[in-house]
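Encoded as structure tokens, the structure appears first; notes follow it.
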Amino acid sequence: MKLKYSIFFLMAFLLLLNSSCHDSFLEEKVYSNITPLNFYKTEEDAKAALTSVYNTMRSSDSFQRQLILAGEYPSEATWPNNSGEAWRTEMDQFTWTTSSTGFYQIWSQLYVMINRANTVLTYIDNINFTTQGLKEQIIGETRFLRGVAYLYLICMYENVPLKTENNMNELDAGNEGTSEAVWKLIFDDFEYAKNNLKPKYTGADVGRATAGAAQTMLTKAYLSYAGKPWYKSEYWSKAAQEAKSVIDNAAYGYNLEEDYERVFLLENEHGPEYIFSVEYISNKSVGWDWPTFTGIRSGDQIKLDGWSSVAVEEEFFNSMAVNDKRREKTFVLSYQGFNDPSVTWTYPGNINLPHYNKYIDRNDVGNGTGDYAMNHYIARFPDLLLMHSEAENEMNGPGETALYGINRVRARAGLAPLKASDYTKETLREAIFQERLWELCEEGHAWFDMKRMDLMTKRIKKYKVEEKHYVFPIPQNELDANPNLVQNSLYK
């Protein structure tokens, strides 16, 4: 699948965003240009069009960078070390505005992803498929990707325009009163994908969305809908049931690695914890710059210098027990210089700030600072285990069922199991959040977790946090361009 994320497809199918008139008397014959009306002819065309949807995830405006930063900087774990664009500091210090750059970048790129998906769904019926099940698979993967884009959009902005294959050419869609319809589309898209995708792939197809990935994202959608600000409490049971179904499904083969370090080795990026990732590969112009982004500036940590743009809050570094087996891979503690092995680097010591070590594999060497092959996890198995514990706790309070997932995660970390008698629903909720922070830090979950669990104002002490920080503003650029958009009420 990595090899199929090629620039050839990306360039060819930028044209899929073009719209065409369907009235025959206005149509003109096209002899040299690719448009949706003349492109969709073969099964290979459909596969290529689907690849163009996957490719949108590798934009720095979405899952390659900005979406991860939006999930990480407004947390107690991560800060930008005063680097780069102003938006990073605004996110870290809760001083963002309607004009903060990242909000527009994320919004616009997620709608590019949705628009490409809608184009596939609109024109795929033009193809006569002869391979059994292929059409349903392509539709399933496309709907999965659309569901992912909408899930992030609605969790971040809450009130977003609903664009489907039926109204994709509507330029000025409004965002008032759309929430329930958007949620329904998300659930329907993941349900279709769950029922039409394979449990796993082999060979070059590894990396495609699977039925297990669809079920996992459906679990996350149910969990988000049950939490703040929608509070649809009946969805806790749906989330718990969906999560348990994935955990128990032997066909998916999901499990915890015995050694936490193996989760983040390039050679094991599709190991048993992998559920769905953004895929990268070196030396093909489809690499990632995250190891550079998080790597230590002037620290000889990796072949090419790092930027120290995603650093660890000292308080968070100190919060992880020294006997936690995740600690050595989560944080930089000590290493020999990459280019000068005679120098030993340590924190604390000749490294003056704590840094992450997760996405650093020194065997991952591309042809530049933005050409690493490490994949970014959208979902992995511990996330699912902790979601199951969260849903069970919210439904029934502390109990053995609620503790099952979190205690599996803690056992792998070498930590003592939690006891139900020591917790109330509220204190176990916070313990689950804390475990998610230790297990999933640097993976883009923290802000979304604090929002859903209503913990932001309780957990963040360093900066002033207000109710408006539980939702991001509709980007000012979009408001200026579309008179039918309405700003979220807390930002008016």
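Things to note:
- Taking the numbered list (1) open to solvent by 20 Å² or more (accessible area, probe 1.4 Å); (2) small (G, A, S); (3) modelled with pLDDT of 95 or more in turn, A117 passes all entries but (1).
- Of the helices (runs of 4 or more DSSP H) contained entirely in segment 40-109, those carrying at least 3 residues that are within 30 Å of T130 (Cβ to Cβ) fall at 43-55.
- Sole residue being charged (D, E, K, R), in contact with a Ser or Thr (Cβ under 6 Å, 6 or more places away or on another chain) and closer than 24 Å to R452 by Cα, chosen from E234, E242: E242
- Failed condition for S308, given (1) in a loop (DSSP other than H, G, I, E, B); (2) polar (S, T, N, Q); (3) under 22 Å from V182 (Cα atoms): (3)
- Filtered residues of segment 183-204 (kept if surrounded by fewer than 20 Cβ atoms within 10 Å (Cβ to Cβ) and out of contact with any Ser or Thr (no Cβ under 8 Å at 6 or more places or on another chain)): K184, F187, D188, E191, Y192, N195, N196, T202, G203, A204
- Residue list for segment 130-178, filter: of a type outside the set (D, E, K, R) and open to solvent by 40 Å² or more (accessible area, probe 1.4 Å): T130, T131, Q132, N159, L162, N166, N167, N169, L171, G177
- Residue list for segment 268-286, filter: open to solvent by less than 10 Å² (accessible area, probe 1.4 Å) and either at pLDDT below 95 or aliphatic (A, V, I, L, M) (or both): I275, V278, V286
- Any hit, segment 100-107, residues being farther than 17 Å from L153 by Cα and over 19 Å from the mean Cα position of the chain (by Cα): no
- Qualifying residue in segment 468-490 (condition: outside any helix (DSSP H, G or I) and charged (D, E, K, R)): no
- Residues of segment 416-443 that turn out to be open to solvent by 30 Å² or more (accessible area, probe 1.4 Å) and either among the basic types (K, R) or touching a strand residue (DSSP E or B) at 6+ places or on another chain (Cβ under 7 Å) (or both), as a count: 3
The values are calculated or read from the model by the stated rules, or taken from the named source; none is laboratory data. Model, not experiment: these values are computed from the prediction. For neighbour counting, all protein chains shown are included, and Cβ atoms are generated from backbone atoms with ideal geometry for every residue, glycine included. Ligands, DNA and RNA are stripped out before the accessible areas are found, and what is left, the full protein with its side chains, is counted by its heavy atoms. Shrake-Rupley method; radii C 1.70, N 1.55, O 1.52, S 1.80 Å.
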